[in-house]
1. Around Gly119, which amide H atoms from residues at least 5 apart in sequence, or from another chain, sit under 5 Å from its own amide H, with H modelled in the peptide plane?
2. Once amide H atoms are placed 1.01 Å from N in the peptide plane, what residues at a sequence separation of 5 or more from Leu28, or on another chain, have their amide H within under 5 Å of its amide H?
3. Pulled fully out, how much extra length does the chain show between Leu133 and Ala81, if you take 0.36 nm times their separation in residues and subtract their Cα-Cα distance?
4. Lys and Arg at +1, Asp and Glu at -1: add these up for the other residues within a Cβ distance under 13 Å of Leu53 and post the number.
Amino acid sequence: MKELLENIKRNGNGNGRGESSLEKEKPLLIKDALFVRQEGTLVKVKHEDILWLKGDGNYTTLVTRNFVISVRNILKDFEDALPKEQFMRVHKSYIVRLDEISVISTREVKIEEDMVPVGRTYYQRLIDGIQRLSSE
């Protein structure tokens, strides 16, 4: 929380500007959650609410239990920020929350009603991650 307040103090709150410098920063972390910039405000997103993420160039879409939010951060920022034991990249453009996967095939995983693609090079790592998760 201290880091969040220092960033706001240093960079301003973004009101009255076309694009604040906070929009280009990595997601702000606190225990079990992160803050992302959305329309001039910081929105708290709990790790447990995130289902999966999709990267598209300089933007990432977070799909949560209650809403979908698009932010100006690259997918790698979230890959670095989210806990590795809970989240895994399964495709060059997708990260999923492992304990939300209900069906796995060599090409995709099912999370709630959504089908998320799995890249060929990520499949074995996905299986290893699921096995690690079940042994904990």
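Readers should treat all values here as calculations from the given coordinates under stated rules, not as data from a laboratory. Predicted, not measured: the structure shown is a model, and the values here were computed from it. Reconstructed Cβ throughout: ideal geometry from the backbone, glycine too, with neighbour counts over all protein chains shown.
1. Counting only residues 5 or more places away or on other chains, the set is His91, Lys92.
2. It is Phe35, by chain and number.
3. Details: separation 52, 0.36 × 52 = 18.72 nm, distance 1.87 nm.
Length gained between Leu133 and Ala81: 16.8 nm.
4. On the way: positive: Lys54, Lys76, Arg89, Lys92, Arg97; negative: Asp49, Asp56, Asp77, Glu79, Asp80, Glu100, Asp114.
It works out to a net charge of -2.
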